[in-house]
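Below is one structure, written out as structure tokens; the observations come after it.
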Amino acid sequence: MVGLGAMGAGVAWQAARLGASVVGIDRYEPPHSLGSSHAETRITRLAVAEGDQYLPFVARSHDIWREIEALTCTRLLHESGGYIVSSAGSASERWSDFTQATADVAQRHGIDYELLSAAAACAAHPQVAFVDEMAIGFEPTAGVVMSDDAVRAQLQLAADAGARVETQCAVTAIEPVDDLVHVTTSSGEITARHVVLAAGAWLPDLVPQPVADQLTVTRQVVYWFEVDDLEAYRPERLPFVMWIEETIEGYCAIFPAPTGAIPAVKILGEQFADETTANDVTRTVSDDEIADFHRRLVAPRFPGVSNRCLKAEVCLYTNTSDDHFLIQSDPRSERITIMSPCSGHGFKHSAALGEAVAQHIVHGASTLDLSPFGL
């Protein structure tokens, strides 16, 4: 297992509990803030407008989060509900009419989802300045997952099931030889019958060039802004809000603030124009970036959120050209499975993907269908 973020931790635990001999490797000490699985929380929603093929994975992941909670006494899934807000009747440059697309998925699969007026949404959640010209949908079964805690818990469960976890260990080469795979690391050589590459933004350095050429890494920024009444932003009182306009520059999402997390409200934007690498990315967030983000996207939409930024972090998205997942055999060998990138929307599916990939490796088949996720 190369990479122990959300995907790698999921595979490591599930493979170990199936009886496989597992070695998990990460160049840092997961959960850490240098990849794609950090920043405390991730949105989860059953009505996944990105495609019907995703719904079985997010639904199964919800079950697994609850199982992990029972095994570890760790709260992971907060079903706060969630709003999808998008430009009514038009497509953004990255997404279709996302509110309606979400409604269509919900209708096809019997998921509770309601289209609301701005007045009704404002009355229910006055923390958000909903506006009439936007289409607004609400899913009560949506929420947020504690991402760092989920990675930590699965790695501990993997270790409890017999997996060996090697951290502060960089992989420098992967070479299939006959029916085995040789993995060269900064700590020595490892020989395995199967290798899973879930290295996220470091993946382009580990796969053949034809695959690497189809991947891009982009820098994303996550902000935590202080509010005067933090209790009004707890999961019991504030759903997440994904606010999608016609350009990427208009996108942002606000997350509820679970008790015990950073005492501030997490808000993020997205950009996909400026590419980078895991090694070259600028990890410092400037005061100008913070001020510009608050002025453009926070103040007009979330009037109770101050401009006092308690913390800001950089997150890396590793994207395919069609924004779907990449889970397939490496061109060099069927004994190497590529299991990323997840194009910025993978965490909500990660627990079930970990289970499915582990089943496929150990048993030769998985309960859920992985076939839609090749290049």
(message) Neighbour counts of other C-beta atoms within 10 Å: give me H360, H109 arranged from fewest to most.
(response) H109, H360
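Sort the following peptides by mean Cβ neighbour count (other Cβ atoms within 10 Å, averaged over residues), highest first: 58-64, 98-104.
Values: 58-64: 19.7, 98-104: 21.9.
Those peptides, ordered most packed to least, come out 98-104, 58-64.
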(request) Taking the Cβ of I361 as the centre, find all other residues whose Cβ is under 10 Å away and add up their charges (Lys, Arg: +1; Asp, Glu: -1). (result) +2
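What does the net charge come to around R27 if you take all other residues with beta carbon closer than 13 Å to its beta carbon, with K and R at +1 and D and E at -1? List each step's numbers first, then the result.
Working: positive: none; negative: D26, E29, E166, D205.
Once all neighbours under 13 Å are counted, the net charge is -4.
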(request) Quick one: which residues, 5 or more positions from G344 or on another chain, have an amide H under 5 Å from its amide H? H modelled 1.01 Å from N in the peptide plane, none for Pro or chain starts. (result) T318
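Which order do the peptides 157-165, 333-341 take when ranked by the mean count of other beta-carbon atoms within 10 Å per residue, highest first? Don't skip to the answer; put the middle values down first.
Details: 157-165: 18.2, 333-341: 22.6.
The peptides rank, most packed first, as 333-341, 157-165.
If r is the Cβ-Cβ distance from T247 to D205 and R0 is 30 Å, what FRET efficiency results, to the nearest 0.05? Walk me through the numbers before you get to the answer.
On the way: r = 32 Å, r/R0 = 1.06.
Efficiency for this residue pair is about 0.40.
Averaging sequence separations of C-alpha pairs under 8 Å and six or more residues apart, then dividing by the length of segment 6-373, give the relative contact order as a whole percent. Walk me through the numbers on the way to the answer.
Values: 800 pairs, mean separation 95.1, N = 368.
Computed value for segment 6-373: 26 percent relative contact order.
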(request) Name the long-range amide H neighbours of V221: under 5 Å, sequence gap of 5 or more, or other chain; modelled H, no Pro or chain starts. (result) G269, C315
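Per-residue counts of other Cβ atoms within 10 Å, averaged by peptide: what ranking do you get for 214-227, 311-324, highest first? Could the numbers behind the result be given before it?
Numbers: 214-227: 19.9, 311-324: 18.2.
In descending order of packing, they fall as 214-227, 311-324.
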(request) Please list the non-local residues whose amide H lies under 5 Å from the amide H of C169, H modeled 1.01 Å from N, same-chain partners needing a gap of 5 or more. (result) D26, R27, Y28
(request) Go through segment 56-149 and name the GluC sites (Glu not before Pro) that are in a DSSP coil and have 13 or fewer other Cβ atoms within 10 Å of their Cβ. (result) E93, E133
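Each value in this text was obtained by applying a stated rule to the coordinates, not by laboratory testing. Please read these numbers as outputs of a predicted model, since none were measured by experiment. Neighbour counts are summed over all protein chains in view; Cβ atoms, including those assigned to glycine, are modelled from backbone coordinates with ideal geometry.
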